[in-house]
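Trainee: Sharing a structure below in structure tokens format, with a few things to ask.
The values are calculated or read from the model by the stated rules, or taken from the named source; none is laboratory data. Bear in mind the structure is a predicted one, so any value in this text is a computation, not a measurement. Because the Cβ atoms are built from the backbone with ideal geometry, glycine has one as well, and the counts that use them run over all protein chains shown. Please note that ligands, DNA and RNA were not included when accessible areas were found on the heavy atoms of the full protein model with its side chains. Shrake-Rupley method; radii C 1.70, N 1.55, O 1.52, S 1.80 Å.
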Amino acid sequence: MSIRTTNIAGKVKPVRKGFYTGFYNENIMAEKNERPDLAACDRTFNVTTDKDVVRIREYSRIVAEKIGFSANERTLIATVVSEICRNIIEYAKTGQVIIQVLLQNSRIGILITAVDNGPGISNIDMAMKDGFSTGRGMGIGLPGSRRIMDDFEIESTPEYGTTVIMRKWLVQ
């Protein structure tokens, strides 16, 4: 599992595009072109209400099934999506979740990117500890998501927002 946690000090707004677009090189796109059924799964959702959470969670489950994840893995992926979406609603009020299929060197997986322009996380190290919460939650959302997913990255700037990138690879 790789974990990259980043806090950016000061008031400089991070450039979020470059933070997660690096996953798309020509080889990945060529592999996606060979599987149009999976390439068509890539989708961006706005997150503002509990109805959005339900819709995005269900979509992530459908994509995970198309990829070939087991019922248990699909449930875990949907749980992570739900946790991240609820964090967006509670702390930022609005944001986006991007669900994409990853095809890379004969591997297949799911990429979930959550982006908001909320207050940001002032102390990522504390937020990643079990039991820590600044809200009403039990403090298992981010650290639990990190444990479930194969790769977990978080970037946050106070007053500018947070980006979370998570990948889960299908074990074949």
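Trainee: Hey, with R₀ at 25 Å, roughly what FRET efficiency would Lys51 and Asp125 work out to, going by the Cβ-Cβ distance, to 0.05?
Mentor: So, using R0 = 25 Å, E works out to roughly 0.15.
Trainee: For Asp42, enumerate residues with amide H under 5 Å from its amide H, sequence gap 5+ or separate chain, H modeled in the peptide plane.
Mentor: Val101
Trainee: State in Å² the accessible area per residue of segment 27-130; use a 1.4 Å probe, count heavy atoms of protein chains only, and round to the nearest integer.
Mentor: That works out to 49 Å² per residue.
Trainee: Could you run the Karplus curve 6.51 cos²θ - 1.76 cosθ + 1.60 with θ = phi - 60° over segment 57-63 and give me ³J(HN,Hα) per residue in whole Hz, x for Gly and Pro?
Mentor: Once rounded to whole Hz, the list reads 4, 5, 5, 4, 5, 5, 5.
Trainee: Hey, another quick one. Tell me, what HN-Hα J-couplings in whole Hz come from the Karplus equation 6.51 cos²θ - 1.76 cosθ + 1.60 at θ = phi - 60° for each residue of segment 105-113, using x for Gly and Pro?
Mentor: Per residue, the Karplus-derived 3J(HN,Hα) values read 6, 6, 9, 9, x, 10, 10, 10, 10 Hz.
Trainee: Here's something else I'd like to know. Once phi is turned into θ = phi - 60°, what whole-Hz ³J(HN,Hα) does the Karplus curve with 6.51, -1.76 and 1.60 give for every residue of segment 87-94, x standing for Gly and Pro?
Mentor: 4, 4, 5, 5, 9, 10, 6, 8
Trainee: Taking amide H atoms as placed 1.01 Å from N in the peptide plane, list the residues 5 or more away in sequence, or in a different chain, whose amide H sits under 5 Å from that of Gly95.
Mentor: So Gly95 has HN proximity to Val47.
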